[in-house]
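To keep things clear, I will list the structure first and then write my remarks on it.
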Amino acid sequence: MQQESVHCGVGVAERNPPPAYDGAVESRAAADSRAQLVRWMGIVDANSAGFVHGGTVMKLCDEAAGVAAIKHSRCRVVTAAMDRMTFLQPVHVGELLTFSASVNAAWRTSMEIGVRVDAENPRTGEVRHTSTAYLTLVALDEEGSPTPVPPLRAETDDERRREAEAQLRRRNRLAEREEIIAARARGGEAG
Ligand SMILES: CC(C)(COP(=O)(O)OP(=O)(O)OC[C@H]1O[C@@H](n2cnc3c(N)ncnc32)[C@H](O)[C@@H]1OP(=O)(O)O)[C@@H](O)C(=O)NCCC(=O)NCCS
């Protein structure tokens, strides 16, 4: 029998893991799921210091990542994790932010999406790279359970590099999780 668990208000059936992708749909090229969002930053996006709020940038990264993940999987998706978010430079009110998202790697039901954020001062035309984010999104079927996604076809050197780096981040993430579970089992050394 299936049991319902709830994560962030979304019910997910606990069940046996879904099978590997069955190949019914062919692999999808990384270039086919690229997505871009462009937003102008206004007063409502500012924090008390007068710069654009980090949370605004994170939310828009999540949106851009969601579009890329849907284009790759052709399913509805949820964000499982935001693995990394860097803020390299502050963003100013009045700047135009471009969020460029691409699927870096696809596993069984999850995908890593990389999002690059560039800020443009529309008065001077100066463009600065301000943030990079890596998110893991999971494809869901009609019942809300994780469902297999098409394999990713990395066709350029950049796409192959991004895929290799995404594999490294996943290996590190899983190794960290294993280490924490083992430490807890030994008596809570890791907190
Ligand atoms: C993400 C979610 C669907 C995973 O459900 P689950 O029951 O753990 O499913 P599984 O164990 O089968 O894992 C499914 C995939 O998610 C990945 N995953 C699960 N938790 C993860 C995490 N914290 N970080 C990265 N990947 C994760 C698994 O590695 C697996 O990937 P794979 O199939 O490619 O190997 C579920 O936790 C969920 O619905 N979370 C809430 C999502 C949400 O509401 N997001 C919006 C923000 S609140």
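The values are calculated or read from the model by the stated rules, or taken from the named source; none is laboratory data. Just so it is clear, the structure is predicted and the values come from calculations on it, not from any experiment. Counting neighbours? That spans all protein chains shown, and the Cβs are built from the backbone with ideal geometry, glycine included.
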Within region 1-110, strands (runs of 3 or more DSSP E) holding 3 or more residues that are of a type in the set (Gly, Ala, Ser), at pLDDT 95 or above and buried (at least 17 other Cβ atoms within 10 Å of the Cβ):
96-106
Options 117, 149, 138: the member that is among the β-branched types (Val, Ile, Thr), farther than 21 Å from residue 53 by Cβ and assigned to a strand (DSSP E or B):
138
Scan region 41-87 residue by residue and report those that are over 30 Å from residue 143 (Cα atoms) and aliphatic (A, V, I, L, M).
41, 43, 44, 46, 49, 52, 57, 85
Which condition does residue 100 not pass, out of (1) in contact with a helix residue (DSSP H, G or I) (Cβ under 6 Å, 6 or more places away or on another chain); (2) touching a residue at least 60 places away in the same chain (Cβ under 8 Å); (3) within 18 Å of residue 160 (Cα to Cα), if it passes all the others?
(1)
Please find, among 86, 56, 79, the residue that is within 10 Å of the chain's Cα centre (by Cα) and not basic (Lys, Arg).
79
Taking residue 162 as the residue in question, decide whether it is assigned to a helix (DSSP H, G or I), more than 29 Å from residue 43 (Cβ to Cβ), touching a residue at least 60 places away in the same chain (Cβ under 8 Å) and more than 12 Å from the ligand (Cβ to nearest atom).
yes
Out of the residues in region 165-188 that are surrounded by 13 or more Cβ atoms within 10 Å (Cβ to Cβ) and without any contact (Cβ under 8 Å) to a residue 24 or more places away in the chain, which is farthest from the ligand (Cβ to nearest atom)?
183
